[in-house]
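Okay, structure first, notes after.
The values are calculated or read from the model by the stated rules, or taken from the named source; none is laboratory data. Not measured: the values here are computed from a predicted model. Cβ coordinates were reconstructed from backbone atoms using ideal geometry, including for glycine residues, and neighbour counts include every protein chain displayed. Accessible surface is based on the protein model in full, side chains and every heavy atom, while ligands, DNA and RNA are left aside. Shrake-Rupley method; radii C 1.70, N 1.55, O 1.52, S 1.80 Å.
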Amino acid sequence: MLSEIGVSQITIPLPFRLNHVNCFIAEGERGWTIIDTGLNNHVTRDVWKPIIEKHDVTDIIITHYHPDHFGYGGALQKLTNAKVWMSEIDARAGVSYWEHSTLSTIKENYDRCGLPGNLSQLLTKDESSFELQVKPYPSVQHFLEEGMKVIFGKYEYEVIFTPGHSDGLITLFNKENSILFSTDHILPRISPNISYWFIGNPNPLQDFMTSLEKIKALDVDYVIPSHGKPFRNANQRIEELMQHHHERLAETYDAIKQPATTYEVSQKLFRNLNIHETRFAVGETLAHLEYLYLNSMCKKFIQNRTWYYEGS
């Protein structure tokens with residue numbers, strides 16, 4: 001269907017277990033428009049080089065600030081002189097997250113999660129390792145706003161804010177043909193990582209669920225995700241994602257019948273992870289714990305500079 005709607009998918013390999021990101025290119029109002037860019041590394045550069053040589057790229061839409069979507073944005077902008085579009089929230093996050101002050105804040109909070117040994121240092125090091133893969137930062141000329149219309153290929157799409165996976169993540173919806181570029185909001189095989197990183201929205205899981213309900217009301221037929229293959233029937237997948245997180249919340253609650261640290265709870269929810277994956281596991285565990293706390297389902301207290309959660 002992508003060719004039918006005038007869109008080409010550019011799949012870029014990633015050096016993780018989640019081994020690819022889907023970017024897209026299509027004709028826009030002024031020239032060619034790219035959606036998302038990949039990491040700034042040699043693999044990504046080699047993928048984009050022949051494409052930008054054949055297309056007059058005038059606009060780059062970055063759906064959110066995570067490295068696999070945002071990372072090559074600045075370098076690609078320099079090569080094409082394209083205008084970059086992002087939500088204001090994630091544009092600000094993108095140019096601040098990998099800076100020393102933010103990483104120091106994250107390290108301080110990792111230290112309060114009850115991580116053993118030097119694990120907080122290792123997680124922060126993994127976080128900071130992306131700095132070279134997100135710079136140079138893009139210069140964002142236009143902020144994407146809710147309800148804004150974008151021409152991409154043969155059709156017009158409406159910008160829909162769907163925070164959760166990131167505070168400023170956007171999706172693109174064509175009502176006429178019931179098509180959603182779901183980015184990382186709705187994925188076909190895995191649940192998008194919903195993490196609290198000690199900065200930004202304090203309850204990202206609540207945001208994610210609210211955003212799922214927002215898309216559910218559209219009754220989308222055809223979903224084009226940033227990871228995995230396009231699929232039909234968004235609402236069925238939304239129900240599966242909601243059920244997954246309600247089950248995970250129940251597991252999280254069971255894990256804090258006695259006071260427990262974030263790390264202790266994460267160990268009960270996740271298994272056999274490398275350092276990179278452990279970082280996401282800690283963030284997602286924290287998002288579920290904070291959801292429970294902010295919905296008055298548990299309490300938290302600090303002891304010996306470590307946060308503990310306990311079911312109410």
What are the residues in the range 75-122 that are polar (S, T, N, Q) and over 19 Å from the mean Cα position of the chain (by Cα), if any? Gln77, Thr80, Asn81, Ser101, Ser104, Thr105, Asn109, Asn118, Ser120, Gln121
How many residues does the range 181-233 contain that are hydrophobic (A, V, I, L, M, F, W, C), open to solvent by less than 60 Å² (accessible area, probe 1.4 Å), more than 20 Å from Ser8 (Cα to Cα) and in contact (Cβ under 8 Å) with a residue 60 or more places away in the chain? 4
Pair list, Cβ < 9 Å and 6+ apart or interchain, from the range 291-308 residues that are in a helix (DSSP H, G or I) to residues that are basic (Lys, Arg): Tyr293/Lys299; Tyr293/Lys300
Mind listing just one residue for me: the one in the range 271-282 that is over 16 Å from Ala255 (Cβ atoms) and of a type outside the set (Val, Ile, Thr) and, of those, most open to solvent (accessible area, probe 1.4 Å)? Asn272
Considering only the range 109-123, state which residues are in contact with a Phe, Trp or Tyr (Cβ under 9 Å, 6 or more places away or on another chain) and either open to solvent by less than 20 Å² (accessible area, probe 1.4 Å) or touching a residue at least 60 places away in the same chain (Cβ under 8 Å) (or both). Asn109, Tyr110, Arg112, Cys113, Gly114, Leu115, Pro116, Leu119, Ser120, Leu123
Looking only at the range 1-10, and only at residues there that are among the polar types (S, T, N, Q) and surrounded by 14 or more Cβ atoms within 10 Å (Cβ to Cβ), the one that is nearest to the chain's Cα centre (by Cα): Gln9
Filtering the range 138-180 for residues that are of a type in the set (Ser, Thr, Tyr), touching a residue at least 60 places away in the same chain (Cβ under 8 Å) and touching a strand residue (DSSP E or B) at 6+ places or on another chain (Cβ under 7 Å) leaves a count of 3
Given the structure, is Val21 open to solvent by less than 20 Å² (accessible area, probe 1.4 Å) and either closer than 26 Å to Arg189 by Cα or in contact with a Gly (Cβ under 6 Å, 6 or more places away or on another chain) (or both)? yes
Flag for His246 being out of contact with any Phe, Trp or Tyr (no Cβ under 7 Å at 6 or more places or on another chain) and open to solvent by 30 Å² or more (accessible area, probe 1.4 Å): yes
Looking only at residues in the range 24-53 that are small (Gly, Ala, Ser) and open to solvent by 10 Å² or more (accessible area, probe 1.4 Å), which one is farthest from His227 (Cα to Cα)? Gly31
Identify the residue in the range 19-44 that is in a loop (DSSP other than H, G, I, E, B) and of a type in the set (S, T, N, Q) and, among all such residues, is nearest to Gln9 (Cα to Cα). Thr37
Restricting attention to the range 149-176, which residues are more than 24 Å from Pro192 (Cα to Cα), of a type outside the set (Gly, Ala, Ser) and open to solvent by less than 50 Å² (accessible area, probe 1.4 Å)? Val150, Phe152
Exactly one of these conditions fails for His245: (1) outside any helix (DSSP H, G or I); (2) touching a helix residue (DSSP H, G or I) at 6+ places or on another chain (Cβ under 8 Å); (3) of a type outside the set (Gly, Ala, Ser); (4) closer than 30 Å to Ile302 by Cβ. Give me its number. (1)
Go through the range 298-312 and report how many residues are touching a Phe, Trp or Tyr at 6+ places or on another chain (Cβ under 8 Å) and open to solvent by 80 Å² or more (accessible area, probe 1.4 Å). 3
